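Down below is the structure, laid out as structure tokens.
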Amino acid sequence: MSSLSTTSTHDHASSVHLGYDPEEHPREVSRHYISASDDDLASMLNKVGLGSLQDLFSHLPKPQLFDGDLSLPEELSYKDAAEHLHQISRKTNLHSSFIGDLLPVWKVHPIVEQVSQLRPLSTSYTPYQPERSQGTLVTHWIYQCVLSALTGFEAINTSLYDRSAALFEAICCARRSRKRSGPVLLAQSLFNEDISFLNTHARGTDLEFEMAPLNPSSGRLDYAKIENLLTNQNTNISALVFPQVNALGILEEVDRLVDLARKWSIPSIAVIDPMLLATGGLKPPSEFGSHGADFIAGEAQHLAIPPSFGGPGLGLFGSRYHEEAKKDLRNTPGRYIGKAKDSQDRDCFVMVLSTREQHIRKEKATSNVCSNQAFLATVAGANLLAKGENGLKHGLSQALSSRKQASQWIGQREGIELAFPNSPAFNDLLLSVNQDPDTLIRRARECGIHMGVDVSSRIPQSDKNLIKLSFSDAQGEEEMAALKKFIFDFFPASSCTQDEIETPSHLLRSDPTNLPGFSHDELLNYYEQLANLNISPDDGCYPLGSCTMKYNPLLNDWAAGLAGFAQAHPQAPEEDVQGPLEVLYEIQEWFKSITGLAGVTTQPVAGAQGELVGLKLFQAYHHSRGEGHRNIVLIPKSAHGTNFATAATAGYGSGIVYLQANEKGMIDLADFRQKIEEHGSNLCGIMITNPNTSGIFETDFSIIAEEVHQAGGMVYMDGANMNAIAGIVDLSKLGVDAVHNNLHKTWTIPHGGGGPGDAIVAVSEPLVSFLPGRQIRKEEDGFFRSFVPENSIGTFHRNWGNFGHKVRAYSYLLRLGKKGVPRMSSVAVLSSRYLFEVLRFHYPTLPGQAGEIARMHEFILTLSDQDFERLEKAGVPKSQAIPQVGKLFLDFGFHAPTVAFPEVFGLMIEPTESYTKAELDRFAHAVIAIKDLVETFPQVVASAPHFTPIDRVDEVAANRNLCLSEKLSHLPSLPVNRIQPSVLLGLEIEEVKKRILQIHDLSE
Ligand SMILES: Cc1ncc(COP(=O)(O)O)c(C=O)c1O
């Protein structure tokens, strides 16, 4: 435990408690989190024949470079950064809260914090290499099983961004699967924020909505009117969407709604809260009506982490998968984990159903989602297992008993009453008050209570003053006493009491979930073993090209966990969340400076969602100019799958035009010009990754941008590779109109085994007034206030996006300062250029004719024709050669490079700036040893990897015999590392090679 004693910026001294000693982590305390010494840098520069870091960018057009410092502050020392973060977090006022509403708050078991500190789980990549990712895969399997037990649904994916996103995907899935194209019937009792998200996404597509009306005298849907509507339109409606607990906190008649939809063969989508489905809770959606709902969408963040100012969300999506209901699964979005066997018949897990996903199907994919909320799914599983059947049941009963108490107090007072005592409710309390709810909420705040939410506008046809309070296990005696005092102080005693109906049994769960129970120690030990099956960028080069697997500072996670950030509720009054708003404001301003662009939205929670924001902005902009006909999007063939899938999601599915690359791997200008000629008058825009997916800077970018602008189109830059140019290239001078910055790449956010990600989008001046969500301005007195831009396209997140990740990026940028950002990119490029210089004499490189063109932060290696032949003879077909060579990297303790993207026969390597020259040299040594093995002993490639806990996985069988969940009665048994990754990383490369050969009874 380390405590940094500092003098605070306030007038009293304070100390921050980090919970770790940064000095014990050399990467943590190195300047700008760059481990290489000055001597290392000089020696690497010497090797690549350059005199300075600036020379790395001498091939880029000069006018496109920043010519001065970024307007970021100077870098802070570790101690000062920690103190600064602590001080900002203390600007949050945390009151006794009954808000819940858009983001329910429940107690989180201490195991969540402990699992979050298991770095091989929290910092590892998406488990595309199952032999080295069983840790992550098992945690996601647990999530799928536990959520299946709660909901009764057999197929739960490993997460979407949040409830709104899950709902949107569920709607698209239902329509696709059932081949229906009419309007979707949306319950008016859904949250407005979800409806607004859906409207934002539907604009410009063929998705239309009709509203199923609310009955103002019951606070529930008007079932008779819905029945009439369906009777009149039954052939047309493509899905029915309704909540189990509605936005007023009242329970809907779920059986009736599902049966009604079924009567007209309309797929039903139930919006649920999984926490409320535990034993003692509400009826699981698999039991709604005679056959259960068809799909579920819900929010599950509160199953995993504290409110964290509303983000990122954990989108729960489920479909049925049993003998009579199988066909929907192939149309679902997102990632799934299935049971599998390795080549030695060991039980294991693997990602399945990927042929639906964007990286394979491009614009034909079922969704554009790539990074999801993987790590939240990991900790949600741990939290639910740690609480177990009894803990969850106890939590619900505490919530219900608190609600009952409050309801009784209210029943004895004058001027405050239950709004609909004859409508069933669960853990929410909807109150009607005899005064302005806003004033009452403000008064409660003065008494230290965030009383609830003014929901009067949720029943437009009524003039009742409505306040909704939400109860959970997070409110203890103290909070309840404060609430009671407030009610008793502000409302006089009444002579009559009010009765409320009991929640009818047909709305409640009848059978227990039978979740298993484990002791805290047993579970923690299990998750520690899981972590041991993964590897982390902490330990050494994690060379996944395009993914930027760099070191993720501990300081960032510490900061995101500070109470003033982690416990802040997104619907708390702005006066009480000035700390979080300050962080968002600073980030907003800093990213304007980093990109050189005029506006920023901090809402999107992944790169793919950032791309969608960009295209939706283009769409709105063209419409505003009466040019809504522009429907063509140009995308280079080598682009990431999300680019194509995003264009399809935005409504441009039939307008995608592929651009060819020239022999040097850059956009072919002649081909581009021909396509502009052909499509210019209908051009919506272009999406370009820069540096491109081959690690080469598109030096014609500004020419292309200018010609796109001349044709009336807009320019989207996929900023996944910003790690090469941040602080170096001014995107406004490149001609960029919108760009996303994946925080989980360049800006040191941990990958979490596949997410959550985050993607700040910056835009050019013409798009600023269209930005989604809320912007933040700093008023003269220093107060941070939010506002909606004038022509806003709507919303992509019902709260503030992934706020915790903004804190992490903010913490990182405090340590980098204005000098550190360009230095970080420079060292990332130098590390890559250095490795390229060493390895290009051992491997052919791609693109074939790119030769010695200066690579940026990553590069692509391949094998020679003779190597492919050798491997073929040894039993490895050419189509499998590159993925199999990738598996040999695992034997040396590394993760595999990115295989077969963007070049089918490529190994894409991105070292990042996080490693010393000695570490890069050892990695290079391993890559050369791998080439030696391919040349001399190609037979060892066929059976790679050799030292991981499992051998190659039979993915074909796993996909054929899909098993996506089972009843968890015990923790899945775990394979063991044949050699620990830490041991592998400590061995001489020749020793590893020798051990591989020994397995095959071979020697050099
Ligand atoms: C070039 C590129 N574009 C887009 C994406 C999608 O980003 P995200 O996974 O954050 O949605 C990625 C992710 O790897 C990428 O490498």
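The values are calculated or read from the model by the stated rules, or taken from the named source; none is laboratory data. As the structure is a prediction and not an experimental result, all values here were calculated from the model. Because the Cβ atoms are built from the backbone with ideal geometry, glycine has one as well, and the counts that use them run over all protein chains shown.
In this structure, does residue 781 turn out to be within 16 Å of the ligand (Cβ to nearest atom), within 30 Å of residue 559 (Cα to Cα) and not small (Gly, Ala, Ser)? The answer is no for residue 781. Put simply, of 552, 556 the only residue that is over 28 Å from residue 449 (Cα atoms) and outside any loop (DSSP other than H, G, I, E, B) is 556.
Based on this model, can you work out whether residue 361 counts as free of Cβ contacts under 8 Å to residues at least 40 places away in the same chain and within 30 Å of residue 951 (Cα to Cα)? Quick ask: steps written out before the conclusion?
Details: free of Cβ contacts under 8 Å to residues at least 40 places away in the same chain: no; within 30 Å of residue 951 (Cα to Cα): yes.
The answer is no for residue 361.
Scanning region 856-868 for residues that are in a helix (DSSP H, G or I) and out of contact with any helix residue (DSSP H, G or I) (no Cβ under 9 Å at 6 or more places or on another chain) yields one hit, 865.
When 497, 503, 513 are screened for being out of contact with any Lys or Arg (no Cβ under 6 Å at 6 or more places or on another chain), β-branched (Val, Ile, Thr) and over 30 Å from residue 410 (Cα atoms), only 513 passes.
Checking the stated criteria, residue 798 turns out to be within 15 Å of residue 311 (Cβ to Cβ), modelled with pLDDT under 95 and away from the ligand (no atom under 16 Å from the Cβ). Checked against the criterion of being of a type outside the set (A, V, I, L, M), in contact with an Asp or Glu (Cβ under 6 Å, 6 or more places away or on another chain) and either under 25 Å from residue 126 (Cβ atoms) or modelled with pLDDT of 95 or more (or both), region 590-597 has at least one qualifying residue.
Filtering region 902-937 down to residues that are acidic (Asp, Glu) and part of a helix (DSSP H, G or I), which residue is surrounded by the fewest Cβ atoms within 10 Å (Cβ to Cβ)?
So in region 902-937, the residues acidic (Asp, Glu) come out as 903, 910, 913, 919, 921, 932, 935.
Next, from what is left, pick out any that are part of a helix (DSSP H, G or I): 919, 921, 932, 935.
Working: 919: 19, 921: 17, 932: 12, 935: 14.
Restricting to residues being acidic (Asp, Glu) and part of a helix (DSSP H, G or I), the top hit is 932.
In region 329-355, the residue that is farthest from the ligand (Cβ to nearest atom) out of those that are surrounded by fewer than 21 Cβ atoms within 10 Å (Cβ to Cβ) and within 27 Å of residue 655 (Cα to Cα) is 330. Looking across 589, 528, 575, 522, one residue alone is closer than 26 Å to residue 372 by Cα, among the acidic types (Asp, Glu) and surrounded by fewer than 22 Cβ atoms within 10 Å (Cβ to Cβ). It is 528.
Being modelled with pLDDT of 95 or more and under 30 Å from residue 555 (Cα atoms): is that true of residue 725 here?
Details: modelled with pLDDT of 95 or more: yes; under 30 Å from residue 555 (Cα atoms): yes.
Criteria met by residue 725.
Return the total of residues in region 598-620 being over 24 Å from the mean Cα position of the chain (by Cα) and surrounded by fewer than 24 Cβ atoms within 10 Å (Cβ to Cβ). Of the residues in region 598-620, 2 are over 24 Å from the mean Cα position of the chain (by Cα) and surrounded by fewer than 24 Cβ atoms within 10 Å (Cβ to Cβ).
Out of 415, 388, 411, report the one residue that is modelled with pLDDT under 95, surrounded by fewer than 20 Cβ atoms within 10 Å (Cβ to Cβ) and either touching a Pro at 6+ places or on another chain (Cβ under 7 Å) or more than 30 Å from residue 656 (Cα to Cα) (or both).
That would be 411, the only listed residue that is modelled with pLDDT under 95, surrounded by fewer than 20 Cβ atoms within 10 Å (Cβ to Cβ) and either touching a Pro at 6+ places or on another chain (Cβ under 7 Å) or more than 30 Å from residue 656 (Cα to Cα) (or both).
Pairs are defined by a Cβ separation below 9 Å, a sequence spacing of at least 6 or placement on different chains, a first member in region 599-625 that is within 15 Å of residue 371 (Cβ to Cβ) and modelled with pLDDT under 95, and a second member that is away from the ligand (no atom under 13 Å from the Cβ) and not charged (D, E, K, R); no pair meets this definition. Taking residue 611 as the residue in question, decide whether it is away from the ligand (no atom under 16 Å from the Cβ) and either in contact with a helix residue (DSSP H, G or I) (Cβ under 9 Å, 6 or more places away or on another chain) or not in a helix (DSSP H, G or I) (or both). When the stated conditions are applied, residue 611 does not pass them.
Scan region 68-82 and tell me whether some residue there is loosely packed, with under 13 Cβ neighbours inside 10 Å and either under 29 Å from the mean Cα position of the chain (by Cα) or modelled with pLDDT under 95 (or both). Within region 68-82, one or more residues are loosely packed, with under 13 Cβ neighbours inside 10 Å and either under 29 Å from the mean Cα position of the chain (by Cα) or modelled with pLDDT under 95 (or both).
Please verify whether residue 538 is touching a Pro at 6+ places or on another chain (Cβ under 9 Å), more than 16 Å from the ligand (Cβ to nearest atom), modelled with pLDDT under 95 and of a type in the set (Asp, Glu), treating the condition exactly as stated.
Values: touching a Pro at 6+ places or on another chain (Cβ under 9 Å): yes; more than 16 Å from the ligand (Cβ to nearest atom): yes; modelled with pLDDT under 95: no; of a type in the set (Asp, Glu): yes.
So residue 538 does not fit the description; no.
Looking only at residues in region 729-762 that are assigned to a loop (DSSP other than H, G, I, E, B) and under 12 Å from residue 614 (Cβ atoms), the one that is nearest to the ligand (Cβ to nearest atom) is 736. Would you confirm whether any residue within region 630-643 is surrounded by fewer than 24 Cβ atoms within 10 Å (Cβ to Cβ), away from the ligand (no atom under 16 Å from the Cβ) and of a type in the set (Ser, Thr, Tyr)? The answer is no; no qualifying residue exists.
Give region 755-794 a look and list any residue that's within 20 Å of residue 334 (Cβ to Cβ) and out of contact with any strand residue (DSSP E or B) (no Cβ under 9 Å at 6 or more places or on another chain), or say none. Working first, answer last.
Residues of region 755-794 within 20 Å of residue 334 (Cβ to Cβ): 755-759.
Hits for region 755-794 are 755, 756.
Do we find that residue 713 is within 13 Å of the ligand (Cβ to nearest atom) and crowded, with 24+ Cβ neighbours inside 10 Å in this structure?
On the way: within 13 Å of the ligand (Cβ to nearest atom): no; crowded, with 24+ Cβ neighbours inside 10 Å: yes.
Answer is no for this residue.
From the list 696, 688, 676, the one residue that fits, being among the β-branched types (Val, Ile, Thr), out of contact with any His (no Cβ under 9 Å at 6 or more places or on another chain) and more than 26 Å from residue 905 (Cβ to Cβ), is 676.
As a summary of the residue check, residue 773 satisfies the conditions (1) in contact with a His (Cβ under 7 Å, 6 or more places away or on another chain); (2) in a helix (DSSP H, G or I) except for the one numbered (2). Take residue 759 and tell me if it is touching a Pro at 6+ places or on another chain (Cβ under 6 Å) and either closer than 25 Å to residue 127 by Cβ or of a type in the set (D, E, K, R) (or both). The answer is yes for residue 759.
Among the residues of region 559-607, those that are part of a loop (DSSP other than H, G, I, E, B), away from the ligand (no atom under 16 Å from the Cβ) and of a type in the set (S, T, N, Q) comprise 567, 571.
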